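The block underneath contains the structure these notes are about, expressed in structure tokens.
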Amino acid sequence: MRPGPAAGLWAVLALLAGGARAQVLPDAAGATVGQNIQPNAQQNTDPPGSLSGRVINAVTGGPVRGASVSLVNYQRGGNAQAATTDGGGTFTVASLPPGEYVVAVNHPGFQGILGLPSPNQLVTVASGQESSGLTMRLMPGGTLSGKVVDDGGEPVSGCPVYVLGPGQNGASAAYSFRGSASTNDKGEYKLDLLTADRYVVYARCQEWLPVERPLAVWRPELIEPRESWLPVFYPDSPSPEGAQWVTVLPGSELAGIDFHLRATSVTTVSGTIGGIPAGIQPNIQLIPADAALDAALGYGASFDLATSTFRFQMVPPGSYRLIVMTNPSPSQTDSISYASLFVSVGRARPAPLFVQMRLGITLTGRVEQPPSADTGNVVMLNSLQSPGRQTPKAAPLGYLHFMPLTPSAFANFRQVEVRHDGTFTVQGLTPGRYKVVPQIASQQPNSLESVQFGSTIANHGVIELVEGASGALTVRMGGSPVLVGASLADAPAGSHGNWTVFALPVDGSATAFGQFMTGTGKSGDSVRLQNTSTGKFAFVAVEMMMAGVVQIERLNQLLRERADAVEIVAGLDQTVNPKFFTNDEIEELAMAYLRGEAR
């Protein structure tokens with residue numbers, strides 16, 4: 001078992017979404033536009049102030065002891081201070097330079113809802129004054145428990161029970177590993193500190209069962225087929241297709257998630273892998289065919305690096321796909337290799353397999369810009385200061401992001417640097433569909449016009465790669481920029497006044513990996529959106545500290561459904577009125593989803 005999504009992917013999406021705070025500046029027409037800036041340290045000799053507050057349990061209202069509270073003043077270069085709540089859930093931080101602070105709170109026993117960000121607020125500390133009355137709510141997780149018994153009703157000890165959640169952060173896999181526990185001698189298990197969410201729960205008890213055979217006393221490991229327990233998904237389904245999602249609410253104790261095991265014949269799948277780069281340990285998975293290549297449901301193999309042989313034990317009959325992939329360091333993407341093979345397992349032990357690795361797909365190409373898109377003065381890195389020093393290196397023209405869209409056990413995200421002459425090379429891609437997202441520097445605003453792979457124009461910048469794929473990739477940037485502004489004039493009263501605007505794609509071809517248009521500002525501002533593109537979008541504004549909500553696809557979808565769709569076209573200056581969602585409204589939406597009221 002292993003988690004599915006690559007962590008680096010959403011780090012890039014966060015970058016695309018724009019996480020910096022915004023400064024409101026006048027544009028040529030007199031309106032105000034949002035411009036991302038970096039925080040600068042400021043000198044201030046005013047008397048310090050203090051901040052005190054309380055952290056409470058969002059379900060019970062009781063105090064939370066031992067919560068970690070952090071305060072960061074970005075106006076002062078990220079100056080940070082920390083505190084811990086006492087038995088009454090209170091905290092006090094003294095000697096704070098005056099200014100605005102982001103106050104964040106977390107506790108390992110409070111897991112929140114659906115992966116929403118930890119509670120945080122923007123507060124102002126006045127010079128020489130005590131700021132008090134701040135109350136922050138932590139949402140508790142829940143527990144899940146049950147019992148595992150055999151086909152005779154007897155408890156089974158030492159049986160692993162796994163909890164899977166929906167694929168996280170727009171991952172191409174359907175499930176993500178969220179935790180596991182083993183049964184005790186009474187067959188009981190319990191999983192604590194689960195995030196409030198919906199889960200698939202299953203038991204996979206891989207142990208040899210006694211089988212009466214006259215020759216079993218002689219080399220029993222060679223006697224096949226043998227027997228073990230069939231994996232079972234709650235409630236009593238042999239495959240994930242029949243699994244039932246169970247809901248863990250904040251602070252709840254969900255009991256009675258029981259499993260009844262059935263014996264089945266099992267065998268061994270073994271073989272040899274050819275073409276593995278020297279010294280690299282491959283990741284080998286045998287994934288049920290009905291699991292949509294979801295590695296969270298795969299069987300792991302033992303592997304002998306000296307002989308390049310692998311061995312899966314206790315495999316039930318069925319159809320599988322054998323997936324092999326090497327995972328070298330980011331600097332070795334040219335040596336990434338992969339293999340895929342369909343395997344049918346019956347009662348008899350299959351003949352040893354041979355799996356041939358293929359090197360990852362390499363694409364070369366060029367980013368074309370219109371003649372007017374002058375890149376301006378080139379920033380020189382590692383400039384030559386004196387004889388013998390490093391030679392000058394030109395800054396890249398920009399980056400291309402290759403974001404996997406196809407459910408696959410070996411789909412992998414890639415970011416590639418575009419050289420200043422517009423050329424690029426991307427290595428280590430594997431078969432599947434990818435969305436190509438450019439970030440290209442230019443003195444003038446530009447937009448993605450088209451992506452062409454070989455002779456094929458890619459719809460919405462999505463290319464499809466098959467095994468052995470090759471060809472030139474051309475990314476054309478258009479000369480007519482997409483100009484989109486958002487008005488924050490209708491922001492609701494009582495909010496914290498700092499907003500992030502997102503344009504969420506509603507086109508049927510769009511996915512969670514879409515390139516979000518974003519802008520940040522305060523209530524009443526007009527902001528210019530960044531990373532603009534054409535198409536139909538739902539514009540939503542969320543309080544800045546809740547910006548991560550768009551990375552949770554299920555909530556992203558609920559936000560899209562509650563905002564009007566707007567068609568964005570190139571070359572037209574458009575101003576939109578986003579649908580506003582406060583922190584409390586997003587939390588209520590998440591709770592409605594868990595209760596089945598908003599799906």
* Residue in segment 573-599 that is farthest from the chain's Cα centre (by Cα), counting only those that are assigned to a loop (DSSP other than H, G, I, E, B) and surrounded by 13 or more Cβ atoms within 10 Å (Cβ to Cβ) -> ASN577
* Cβ pairs under 6 Å, 6+ apart, first in segment 455-479 and at positive phi, second modelled with pLDDT of 85 or more and among the β-branched types (Val, Ile, Thr) -> GLY461/VAL436; GLY461/VAL451
* Structure fact -> Here the residues within segment 77-95 that are surrounded by fewer than 20 Cβ atoms within 10 Å (Cβ to Cβ) and more than 20 Å from VAL59 (Cα to Cα) are GLY77, GLY78, ASN79, ALA80, GLN81, ALA82, THR84, THR92, ALA94, SER95
* To do: May I ask you to list the residues in segment 71-89 that are at pLDDT 95 or above and among the polar types (S, T, N, Q)?
  => THR84, THR85
* Asked: Would segment 121-139 turn up any residue that is farther than 30 Å from PRO47 by Cα and in a loop (DSSP other than H, G, I, E, B)?
  -> yes
* Asked: What number goes with the only condition from (1) crowded, with 18+ Cβ neighbours inside 10 Å; (2) within 25 Å of ARG358 (Cα to Cα) that SER487 does not pass?
  -> (2)
* Any pair with Cβ under 8 angstrom, 6 or more apart, that starts in segment 102-115 at a residue that is at positive phi and ends at one that is part of a loop (DSSP other than H, G, I, E, B) and among the aliphatic types (A, V, I, L, M) -> GLY112/MET139; LEU114/ILE552; GLY115/ILE552
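For segment 102-128, give me each residue that is among the aliphatic types (A, V, I, L, M) and closer than 23 Å to THR143 by Cβ. I'd like the intermediate steps shown before the answer.
Of the residues in segment 102-128, the ones among the aliphatic types (A, V, I, L, M) are 102-105, 113-114, 116, 122-123, 125-126.
Once the filter is applied, which keeps residues that are among the aliphatic types (A, V, I, L, M) and closer than 23 Å to THR143 by Cβ, segment 102-128 yields VAL105, ILE113, LEU114, LEU116.
Name the single residue, out of those in segment 523-553 being surrounded by fewer than 18 Cβ atoms within 10 Å (Cβ to Cβ) and of a type outside the set (Gly, Ala, Ser), that is nearest to PRO117 (Cα to Cα).
If we filter segment 523-553 for residues that are surrounded by fewer than 18 Cβ atoms within 10 Å (Cβ to Cβ), which is where we start, we get 523-524, 536, 553.
Next, only the ones that are of a type outside the set (Gly, Ala, Ser) stay: 536, 553.
Values: LYS536: 28, GLU553: 14 Å.
Ranking the qualifying residues of segment 523-553, first place goes to GLU553.
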* To do: Give the residue that is farthest from the chain's Cα centre (by Cα), with candidates limited to residues of segment 459-488 that are at pLDDT 90 or above and of a type in the set (Ser, Thr, Tyr).
  => SER487
* Members of segment 240-267 found to be over 20 Å from TRP229 (Cβ atoms) and modelled with pLDDT under 90, listed by number -> none
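Here is a yes/no grid of residues against (1) closer than 30 Å to SER176 by Cβ; (2) within 22 Å of the chain's Cα centre (by Cα); (3) modelled with pLDDT of 80 or more:
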residue: ALA395; (1), (2), (3): no, no, no
residue: HIS401; (1), (2), (3): yes, yes, yes
residue: PRO407; (1), (2), (3): yes, yes, no
residue: ALA411; (1), (2), (3): yes, yes, no
residue: HIS420; (1), (2), (3): no, no, yes
residue: THR423; (1), (2), (3): no, no, yes
residue: LEU429; (1), (2), (3): yes, yes, yes
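Can you go through GLU207, GLU227, GLU188 and tell me which one is at pLDDT 95 or above, under 40 Å from the mean Cα position of the chain (by Cα) and either in the same structural domain as VAL163 (by TED's automatic domain parsing) or not aliphatic (A, V, I, L, M) (or both)?
Numbers: GLU207 fails: at pLDDT 95 or above; GLU227 fails: at pLDDT 95 or above.
The unique qualifying residue is GLU188.
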* Asked: For segment 557-574, how many residues are more than 22 Å from SER487 (Cβ to Cβ) and touching a residue at least 24 places away in the same chain (Cβ under 8 Å)?
  -> 1
* Count of residues meeting criterion [surrounded by fewer than 17 Cβ atoms within 10 Å (Cβ to Cβ) and either assigned to a helix (DSSP H, G or I) or in the same structural domain as LEU122 (by TED's automatic domain parsing) (or both)] in segment 558-571 -> 1
* **In segment 289-305, residue farthest from PHE177 (Cα to Cα) [restricted to those that are at pLDDT 80 or above and crowded, with 23+ Cβ neighbours inside 10 Å]** => GLY298
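The values are calculated or read from the model by the stated rules, or taken from the named source; none is laboratory data. Small disclaimer: the values here were computed from a predicted structure and weren't measured. Backbone-built Cβ (ideal geometry, glycine too); neighbour counts: all protein chains shown.
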